[in-house]
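Contents: one structure, followed by commentary.
The values are calculated or read from the model by the stated rules, or taken from the named source; none is laboratory data. Given the structure is predicted, the values throughout are model-derived calculations rather than measurements. A quick note on method: Cβ atoms are made from the backbone with ideal geometry, for glycine too, and the neighbour counts reach across all protein chains shown. These area figures cover heavy atoms from the full protein model, side chains too; ligands, DNA and RNA do not enter into them. Shrake-Rupley method; radii C 1.70, N 1.55, O 1.52, S 1.80 Å.
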Amino acid sequence: METSRSYGATKMEAEDVAQDVLLRLWQMHDELDRFRSLEAVATTMARWATLNLRRRKPMARLQDNRSLLWLKTDSSPERQLEEQEDEQWLQNRLAELPSTQHAILVMRQVEQRSSQEIARLLCITEASVRTLLARARHTLFEELKKRKQ
């Protein structure tokens, strides 16, 4: 469970991963003597199971049910409708990003995680995190420029 928790799993997810790993180890019980360290095997299995769980999880909206745009209470109904349409447009563009870019953007912008922490969680280099984050931001910026033309 500690391995899963260190990779960002909730307590319930970590328990599920632990049960999966135990089941897989049991299924492999005839082959376990070929490994020098069962703890290392279990830790590796838990790490990959947690990462797979994170990858399969549907992407959440950037700020859940809160508006991404600041809606003024004194703005006109037309302006509020415009702002809602802008927000929907942005959510659609975010959903079109590749899953890794979307995940990195959310972890960085919403969860305020460092590049080092994101790299550790996704098992990629910090340079890759910076590159993917820049690509995601660039893609959104280019889409925004197209929309404003």
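Taking only protein heavy atoms and a 1.4 Å probe, the accessible area of the range 108-149 is 49% carbon and sulfur. Given [x] 20.4, 71; [y] 16.3, 51; [z] 14.4, 46, which label gives Rg and Dmax of the Cα atoms in Å as computed from the coordinates? Checked against the structure: label [x]. Distance between the modelled labels on Ser128 and Glu2, one decimal in nanometres: 2.6 nm (7 Å Cα→Cβ projection).
Cα centroid distance between the range 35-57 and the range 1-30, in Å? Taking the Cα centre of each part, the range 35-57 and the range 1-30 sit 7 Å apart. Full extension of the chain between Leu38 and Leu144 yields a length gain of 33.0 nm, computed as 0.36 nm times the residue separation minus the alpha carbon distance. Rolling a 1.4 angstrom probe over the protein heavy atoms with all chains in place gives the chain an accessible area of 72 Å² per residue.
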